[in-house]
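Below is one structure, written out as structure tokens; comments come after it.
The values are calculated or read from the model by the stated rules, or taken from the named source; none is laboratory data. From a predicted model like this one, the values you see are computed outputs, not experimental measurements. Counting neighbours? That spans all protein chains shown, and the Cβs are built from the backbone with ideal geometry, glycine included. Ligands, DNA and RNA are stripped out before the accessible areas are found, and what is left, the full protein with its side chains, is counted by its heavy atoms. Shrake-Rupley method; radii C 1.70, N 1.55, O 1.52, S 1.80 Å.
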Amino acid sequence: MKLFTASVATETNTFSPIPTSIENFHESFYARPGEHPDEPKLCTAPLWVARRRAREEGWQLVEGSCAFAEPSGTVGRGAYERLRDEVLDQLRAAMPIDGVLLGLHGAMVADGYDDCEGDLIARVRDIVGAGVAIGVEHDPHCHLTEKRVAASDVLVCFKEFPHTDTVERAEEVVDLTLRTIRGEIRPVSSMFDCRMIASFPTTREPMRSFVDRVKALEGTDGVLSISIAHGFPYADVPDVGARILVITDDRKAHGDALAAELGRALFAMRGRTAPPYLSSDEAIDRARGIDGRVVMADPTDNPGGGAPGDGTQVLRRLIERGVQGVAFGPMWDPIAVRFCFAAGEGTRLRLRFGGKTAPASGQPIDAEVEVTRLVRGATQTFAGGSVPLGDAAAIDLGGIHVALISNRTQALGADLFTGLGIDLEASRLICVKSTNHFHAAFAPLATEVLYVDGGGPIPRDPRQVPYTRIKRPIWPLDENPFA
Ligand SMILES: [Zn+2]
């Protein structure tokens with residue numbers, strides 16, 4: 001038995017002013033065949049799991065290229081086609097095979113391609129033919145189009161947000177794909193379009209119970225897998241929005257009914273799945289009244305959603321209001337990092353940083369700072385893997401410690417700060433740019449977690465996103481899409 005695996009992944013914010021090029025993939029993660037490290041990367045868990053299973057069970061795994069780019073703007077047509085064709089050429093060379101395992105984020109948009117994953121999976125299907133099993137792992141922040149579901153046999157989304165279960169879900173993808181090859185199951189997909197755009201952190205109710213309910217249904221009545229595709233709101237493509245995908249062992253009618261039941265249950269939770277968002281000042285007031293350490297997250301400048309991550313609005317309010325004992329990060333500013341390296345550790349200098357990339361990034365901060373730590377090629381930890389920060393600098397604005405990075409990414413691990421010598425134990429307030437991925441590492445450090453609407457480039461309310469091509473009706477743009 002022989003399987004092929006590869007990974008092409010990014011989450012495209014078509015409204016982002018930062019174009020996505022081949023260099024962005026090389027900067028975040030790129031491994032040619034045989035180069036993948038012995039740890040799972042965010043979208044390469046199928047490869048990592050399959051490597052172990054192949055070794056244990058004595059089948060052959062052909063590794064193709066794996067590429068991931070930090071979310072940003074539309075991918076250049078040439079960049080997408082080059083990555084796609086690289087993988088397809090490797091697949092052709094590996095033929096004949098019994099199965100394909102793809103680690104795809106699921107929200108990649110390129111010039112001329114609204115549905116990159118649908119395009120890629122359909123081309124894989126054309127090469128391998130109808131009898132070969134195709135298993136796909138997706139991030140729930142994907143556009144779950146009919147095309148990709150039809151072209152694959154097994155498609156599984158991560159269930160947790162923050163995405164702490166990428167390896168667990170990859171085990172399922174590999175397992176279900178192997179069982180399909182062995183003729184033990186016949187996976188059949190049923191999808192329900194929830195006609196809604198929302199954020200669904202699974203660290204809070206009602207999503208926590210909903211995910212647990214869905215997990216309990218798996219393995220009963222022929223249900224092989226259930227995915228809750230949250231959707232990714234910041235793309236101007238027709239298929240934005242939440243969907244439920246149920247895969248049964250050849251029980252289509254039951255799958256259809258269950259997908260509809262769960263989809264309607266999710267729709268009934270609309271308006272209640274995301275946390276309340278405070279203004280910067282409300283959050284600062286609240287934090288001052290809390291006895292203990294507070295973590296404050298601003299999702300509106302989350303690079304994980306394609307925002308630049310150099311927004312200054314929240315930081316400016318902290319400075320203006322004289323808040324002390326603060327750890328703030330990450331702030332993406334490669335030029336400021338260069339200046340810090342030029343100045344050297346322990347130096348005080350006038351530094352301009354942040355506020356460069358998007359109209360909603362705010363004005364740059366001009367401050368006298370002390371460079372407290374410089375690290376070449378810094379990293380942070382997330383879901384068992386390391387995420388590159390590039391060259392990074394810690395600066396002290398007088399009680400406010402900022403982590404400046406040169407490789408754009410959100411706050412994922414506490415080592416974003418501690419790796420730069422910023423003492424979180426001594427911090428009263430930790431401010432992060434992230435929607436919910438920060439939660440796994442940072443919530444345990446906090447007496448309370450506050451979510452703030454910092455007014456950055458990715459608005460929390462979908463009604464503020466300037467869609468032109470989305471399929472209507474859809475909530476909350478339309479009050480009742482099922483009317
Ligand atoms: Zn995601």
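Give me a count of the residues in the range 74-117 that are open to solvent by less than 20 Å² (accessible area, probe 1.4 Å), of a type outside the set (Ser, Thr, Tyr) and part of a helix (DSSP H, G or I).
Residues meeting the conditions: 9.
Within the range 392-402, at least one residue is more than 22 Å from the chain's Cα centre (by Cα), buried (at least 22 other Cβ atoms within 10 Å of the Cβ) and free of Cβ contacts under 8 Å to residues at least 40 places away in the same chain.
Quick grid of which residues meet (1) of a type in the set (Gly, Ala, Ser); (2) crowded, with 22+ Cβ neighbours inside 10 Å; (3) at pLDDT 95 or above:
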{"residue": "Gln410", "(1), (2), (3)": "no, yes, yes"}
{"residue": "Asp415", "(1), (2), (3)": "no, no, yes"}
{"residue": "Leu424", "(1), (2), (3)": "no, no, yes"}
{"residue": "Arg428", "(1), (2), (3)": "no, no, yes"}
{"residue": "Asn436", "(1), (2), (3)": "no, yes, no"}
{"residue": "Leu445", "(1), (2), (3)": "no, no, yes"}
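Does Gly183 satisfy the criteria of being open to solvent by less than 10 Å² (accessible area, probe 1.4 Å) and either away from the ligand (no atom under 16 Å from the Cβ) or part of a loop (DSSP other than H, G, I, E, B) (or both)? So Gly183 fails the test. For the range 300-344, the candidate set comprises residues that are in a helix (DSSP H, G or I) and among the small types (Gly, Ala, Ser); within that set, the residue that is most open to solvent (accessible area, probe 1.4 Å) is Ala342.
Mind listing just one residue for me: the one in the range 220-240 that is at positive phi and away from the ligand (no atom under 15 Å from the Cβ) and, of those, surrounded by the most Cβ atoms within 10 Å (Cβ to Cβ)?
First, pick out the residues of the range 220-240 that are at positive phi: 221-222, 231.
Still in the list and also away from the ligand (no atom under 15 Å from the Cβ): 221-222.
Working: Asp221: 12, Gly222: 14.
Restricting to residues being at positive phi and away from the ligand (no atom under 15 Å from the Cβ), the top hit is Gly222.
Here Ala297 qualifies as open to solvent by less than 10 Å² (accessible area, probe 1.4 Å), outside any loop (DSSP other than H, G, I, E, B), within 16 Å of the ligand (Cβ to nearest atom) and not basic (Lys, Arg). Evaluated against (1) farther than 28 Å from Glu23 by Cα; (2) open to solvent by 40 Å² or more (accessible area, probe 1.4 Å); (3) at pLDDT 95 or above, Ala440 falls short on exactly one condition, (3). Being within 15 Å of the ligand (Cβ to nearest atom) and closer than 25 Å to Thr300 by Cα, is that true of even one residue in the range 165-175? Yes: one or more hits. Only one entry of Arg148, Arg125 meets the criterion of being crowded, with 23+ Cβ neighbours inside 10 Å, modelled with pLDDT of 95 or more, assigned to a helix (DSSP H, G or I) and more than 16 Å from the ligand (Cβ to nearest atom), and that entry is Arg148. Which residue pairs have Cβ atoms under 8 Å apart, sit 6 or more places apart or on different chains, and have a first residue in the range 128-142 that is closer than 17 Å to Thr202 by Cβ and at pLDDT 95 or above and a second that is within 16 Å of the ligand (Cβ to nearest atom) and open to solvent by 20 Å² or more (accessible area, probe 1.4 Å)? If the second residue must be within 16 Å of the ligand (Cβ to nearest atom) and open to solvent by 20 Å² or more (accessible area, probe 1.4 Å), the pairs left are Asp139/Leu42. The residue that is nearest to Ile244 (Cα to Cα), counting only those in the range 128-143 that are within 13 Å of the ligand (Cβ to nearest atom) and touching a Ser or Thr at 6+ places or on another chain (Cβ under 8 Å), is Pro140. Give the residue that is farthest from the ligand (Cβ to nearest atom), with candidates limited to residues of the range 1-59 that are among the hydroxyl-bearing types (Ser, Thr, Tyr) and under 22 Å from Leu155 (Cβ atoms). Applying the filter and picking the extreme gives Thr5.
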